[in-house]
Amino acid sequence: MKSSRRSFIKISGALTALATLPGSVKAFYQDVKKFFVPPKQTIPLTININKKPYKVTADTRTTLLDLLREELQLTGTKKGCDHGQCGACTVHINGERVLSCLTLSAQTVGKEVTTIEGLADGDQLHPMQQAFIECDGFQCGYCTPGQIMSAVACVKEGHTKSVAEIKEFMSGNLCRCGAYNGIVESIQKVAAI
Ligand code: FES
Ligand code: FES
């Protein structure tokens, strides 16, 4: 209780100090910021997502993950860590799995992006989606789109010869609920088709 009061007083003090900084110091800060942080630069892009062309204007630094979720409302792809460590954002580019949080939108021009929304064939679920349901491959479901996209690629790559191999090639996708047994079973089921 004491320490939070102390922190509050410290933060309030810092904010008051910032507000009372002379104009010249603030202007200097803006100059330094301009020097180190490049200004926003937007460019027009046409990106094929789930076999449909999307015309967008995006900042050159926009990741594919942010473009999908924030601009195009394709929110099936999930943001977990935003640092390439959890696999929740996995999509396919030209059929290969990639982490969309580490991919710039501009890098995907001229390529085919597939997200979890593009996996089903109309009302017909993809066999991997069906297998996840049948084998209890998910609990809360947050990691699931990334797991399914990776699982589809894992089967396509042929890395399904043993449970150990499946675990190795799915190791970039983390699940907090621990649905791993169901995920492995789903992959084995689809690999056997
Ligand atoms: S959100 Fe991309 S790897 Fe975690
Ligand atoms: S099902 Fe919850 S994080 Fe994987």
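Readers should treat all values here as calculations from the given coordinates under stated rules, not as data from a laboratory. Just so it is clear, the structure is predicted and the values come from calculations on it, not from any experiment. All Cβ positions, glycine included, derive from the backbone under ideal geometry; neighbour counts span all protein chains shown.
Are there trypsin sites (Lys or Arg not before Pro) in segment 132-186 that DSSP marks as loop and that have at most 15 other Cβ atoms within 10 Å, and which are they?
Within segment 132-186, the qualifying trypsin sites (Lys or Arg not before Pro) (loop, at most 15 other Cβ atoms within 10 Å) are Lys161, Arg176.
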Problem - Fluctuation leader among Ser100, Ser171, Ser24 - the chain, Gaussian network, Cα springs under 10 angstrom - result: Ser24
Practice task
Please report, in debye to the nearest 20, how large the charge dipole of the chain is about its Cα centre when each Lys and Arg carries +1 at its beta carbon and each Asp and Glu carries -1 there.
Solution key: 1160 debye
Completion exercise
Asserting the computed 222 nm helical MRE of the chain (DSSP H runs at least 4 long, -39500 (n - 2.57) per run, divided by residue count, to nearest 500) equals -12000 deg cm²/dmol
Exercise for the section: First check a/c for segment 73-122, with a ≥ b ≥ c the square roots of the eigenvalues of its C-alpha gyration tensor; if it is under 1.5, answer rounded, and if not, answer prolate when a/b is larger than b/c or oblate otherwise. Expected result: oblate
Practice task
Taking the chain as the reference, fit the longest principal axis to its C-alpha atoms, fit the long axis of helix 2-19 to the helix C-alpha atoms, and give the angle between the two in degrees, 0 to 90, nearest 10.
Solution key: 60 degrees
Exercise for the section: Would you work out if segment 123-193 is rounded, prolate or oblate? Take a ≥ b ≥ c from the square roots of the eigenvalues of the alpha-carbon gyration tensor; rounded if a/c is under 1.5, else prolate when a/b is larger than b/c, oblate otherwise. Expected result: oblate
Problem - Anchor Lys51: lysines whose Cα lies under 22 Å away (excluding residues fewer than 8 positions away in-chain) - result: Lys78, Lys111, Lys156
Practice task
Quick one: angle between helix 23-36 and the longest Cα principal axis of the chain, in degrees between 0 and 90, rounded to 10, please.
Solution key: 30 degrees
Completion exercise
For the chain, the longest principal axis of the Cα atoms and the Cα long axis of helix 180-191 enclose an angle in degrees, to the nearest 10, of 50 degrees
Fill in the blank from the handout: So the compactness index of the chain, its C-alpha Rg divided by 2.2 N^0.38 Å, takes the value 1.37
Practice task
Starting from the Cα of Arg176, move 7 Å in the Cα-to-Cβ direction to define the label point; list residues of segment 77-114 whose amide nitrogen is under 18 Å from there.
Solution key: 77-90
